[in-house]
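Chemist: Structure below; questions to follow.
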Amino acid sequence: MDSASLHGQAKRGQVSTGETEEQASAAERVLSDLRSAAAGCLPAVRVLVSAGSPQELEDARSVVEGAADEMEIQRLRWYDKAHDLAMFTVLPLGRGVKGL
């Protein structure tokens, strides 16, 4: 449960057993661990951006970059000059399964 839901419950005067707050704090700890590269793991997210015109593409890229800034993502790798690699990079198994 997110903090907005918890705030809404408190505002409505709903009584909590504390379980939802514990779940929220556990989720925050996991997110914090991922951001700090806990245990040497760096999370990766692949996003496919496409648009009907160059201006729409630039707008979409701005939205993605803004969201990345909000999530404190420090590096984005754009494949705008390598379309043949871009599509396979965003596919779940396009790059193989590491470790199997």
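Chemist: Among the residues of region 74-87, what is the count of those that are free of Cβ contacts under 8 Å to residues at least 12 places away in the same chain and within 22 Å of Leu31 (Cα to Cα)? Explain how you work it out, then say what you get.
Modeler: So in region 74-87, the residues free of Cβ contacts under 8 Å to residues at least 12 places away in the same chain come out as 74-75, 77, 79-85.
In the following step, the residues that additionally are within 22 Å of Leu31 (Cα to Cα) were identified as 74-75, 77.
Going through region 74-87 one residue at a time, the tally reaches 3.
Chemist: One residue is enough: does region 34-48 have a residue meeting the conditions of a type outside the set (Ser, Thr, Tyr), part of a helix (DSSP H, G or I) and modelled with pLDDT of 75 or more?
Modeler: So in region 34-48, the residues of a type outside the set (Ser, Thr, Tyr) come out as 34-35, 37-48.
Cutting the leftovers down to part of a helix (DSSP H, G or I) gives us 34-35, 38-40.
Cutting the leftovers down to modelled with pLDDT of 75 or more gives us none.
Scanning region 34-48 turns up no residue that is of a type outside the set (Ser, Thr, Tyr), part of a helix (DSSP H, G or I) and modelled with pLDDT of 75 or more.
Chemist: Can you tell me which residue is modelled with the lowest pLDDT among those in region 49-65 that are assigned to a loop (DSSP other than H, G, I, E, B) and of a type in the set (Gly, Ala, Ser)? Full working, then the answer.
Modeler: As a first pass, look at region 49-65 and keep what is assigned to a loop (DSSP other than H, G, I, E, B): 49-53.
Subset that is of a type in the set (Gly, Ala, Ser): 50-53.
On the way: Ser50: 79, Ala51: 85, Gly52: 88, Ser53: 90.
Residue satisfying both the conditions and the ranking: Ser50.
The values are calculated or read from the model by the stated rules, or taken from the named source; none is laboratory data. Computed from a predicted structure; not experimentally measured. All Cβ positions, even for glycine, are placed from backbone atoms using ideal geometry, and neighbour counts span all protein chains on display.
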